[in-house]
Amino acid sequence: MKIIKDPVHGYIEVPGYILPILDAPALQRLRYIRQLGFSYLVYPGANHTRFEHSLGTMFLADMMARQLLLSPDERQLVISTALIHDIGHGPFSHAIEPAMEELCGRAHHDTVWLAEDVDLSAILPGHGIDTGQSSALLKGEHELSGILHGELDVDRMDYLLRDAHYTGVPYGTVDAHRLIRNTVISDGQIAIQEGGINAAESLLIARTLMRPAVYYHHVSRIAEMMFSHAVYEHFQSTRGAHPASFMRLDDAGCFQSLLHSPSEVARMLVEGIYCRKMYKRALYVGKDQVNVAMIAQESTPGKMRDLAARIAKTAGIEPYEVLVDIPEFPKAMSVHVKVKNRHRVVGLEELSPLVTTLNETRRGQWRLGVYTLPEHVPGVGAAAREILHVKPLTTQDRLPF
């Protein structure tokens, strides 16, 4: 057994059979992948890594396994899978996700990354861990998947606590221990007891408040869009490039590749991020000013580039000088969260009216962004409003109380 000091959870005990997994190259690589991508441009302390998060997730998964009284084999499966759950992440974590899906046809959570890893494919079975069951757990197809794959899973518990700690944003506070202590298996599914409802609500509140403050902060989104376009331009200009190999680079290796890219546009965009000479918001509007259903059809990387090119042409500038950002519209939370009371198992939203309010708040947080160089902001803003059919913002008079 090994003891590791963690700034969020304190001392983390790592069982002996986990050590070879921890030392595998796929895990050690996560030391050099930032957890929050480009959030360090907003919060200078946000330099924590996927490695730390993986350890924290493993720690909470072990707590959950003990709470649920899992067998030794089940516990071993759960905590080992929790440790490796993020090995598919590319450089700068979620920032490269759209490029990964476009160029490789897979996301970071695709279990193909695990199947292709020679070291882990040998280590896991050697310690009695079935890679098929581990993959099923990651896909959400295992009876214990709720531990790692749900609205209140240990993955979310750790990253909310960790991201709040390193950014200094106080909204990520989650009572993970209380929530875990109130977790049970009922009718073959993971549920929480009524005593854990407040803790569950605190996690959903944290997710809601952290979205605009951290995960969708406009500066982070601008950097991500600049980065994504740089990756696209790099591969357009690099003969014989292998996207899957590029996705296995760490942050530093990726940045150096782009800084020395054969594409002048890729170099310019990445140098802008490096020196924090960022694009600015020419348009930044919510769901009430656009047709969300129609806009959602334009949210693939290719279609967003086409939209950007149209806006740039109307504004009389180069296509790469405009970036269109259409985030996924927020999905409803707690759909699969079950609560066990004395008589039956019910959905959390039946017992917590707060859930409806939070989901509406999340929908109101959604923003469509069009970004450009500072000197082009007025022209690009006007062109974007015309092409995207942006409605003028109206204010409704409030009746006095």
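Please treat every number below as a calculation from the coordinates, not as lab data. What you see is a predicted model, and the numbers here were worked out from it, not measured in a lab. Backbone-built Cβ (ideal geometry, glycine too); neighbour counts: all protein chains shown.
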Which one of SER352, SER93, SER202 has the biggest mean-square fluctuation once the chain is modelled by GNM with Cα springs under 10 Å? SER352
For segment 1-40, what class follows from the C-alpha gyration tensor (a ≥ b ≥ c being the square roots of its eigenvalues): rounded when a/c is under 1.5, otherwise prolate if a/b is larger than b/c, else oblate? oblate
Would you mind ranking HIS217, HIS127 by Cβ crowding within 10 Å, fewest neighbours first? HIS127, HIS217
Given the options LEU77, LEU354, LEU124, which has the most mean-square fluctuation in a GNM of the chain, springs set between C-alpha atoms less than 10 angstrom apart? LEU354
If you add up the charges near GLY128, with Lys and Arg at +1 and Asp and Glu at -1, over every other residue whose beta carbon is less than 12 angstrom from its beta carbon, what do you get? -2
Tell me, what HN-Hα J-couplings in whole Hz come from the Karplus equation 6.51 cos²θ - 1.76 cosθ + 1.60 at θ = phi - 60° for each residue of segment 263-276, using x for Gly and Pro? 8, 5, 5, 4, 4, 4, 5, 6, 5, x, 5, 4, 8, 6
Sort PHE329, PHE246, PHE51 by Cβ crowding within 10 Å, fewest neighbours at the top. PHE329, PHE51, PHE246
Among LEU41, LEU30, ALA61 the positive-end extreme of the charge dipole of segment 2-214 (Cβ point charges): LEU41
For the chain, what is the relative contact order in percent, using Cα pairs closer than 8 Å and at least 6 residues apart in sequence? 15
Once phi for every residue in segment 144-151 is put through the Karplus expression 6.51 cos²θ - 1.76 cosθ + 1.60 (θ = phi - 60°), the whole-Hz ³J(HN,Hα) values, with Gly and Pro written as x, are 9, 4, x, 5, 10, 9, x, 5
Cα centroid distance between segment 236-258 and segment 304-355, in Å? 29
What shape does segment 76-213 have by the C-alpha gyration tensor, where a ≥ b ≥ c are the square roots of the eigenvalues, rounded means a/c under 1.5, and otherwise prolate means a/b greater than b/c and oblate the rest? oblate
Cα gyration tensor shape of segment 4-126, rounded if a/c is under 1.5, else prolate or oblate by comparing a/b with b/c: oblate
Quick check: pseudo-label points 7 Å beyond the Cα along Cα→Cβ at ASN291 and ASN341, how many nm apart are they? 4.4
If the chain between ILE185 and HIS127 were fully stretched, how many nm would it gain, using 0.36 nm times the residue separation less the Cα-Cα distance? 18.2 nm
For segment 110-119, Karplus-derived ³J(HN,Hα) couplings (6.51, -1.76, 1.60; θ = phi - 60°; whole Hz; x for glycine and proline) come out as 5, 6, 4, 4, 5, 4, 7, 7, 5, 5
Let me have the 222 nm mean residue ellipticity of the chain computed from DSSP H runs of 4+ only, each contributing -39500 (n - 2.57), with the sum over all residues rounded to the nearest 500. -14000 deg cm²/dmol
Take the alpha carbon atoms of segment 135-205, find their center, do the same for segment 1-54, and report the distance between the two centers in whole angstrom. 19
Fewest-first ordering of ASP153, ASP306 by Cβ atoms within 10 Å yields ASP306, ASP153
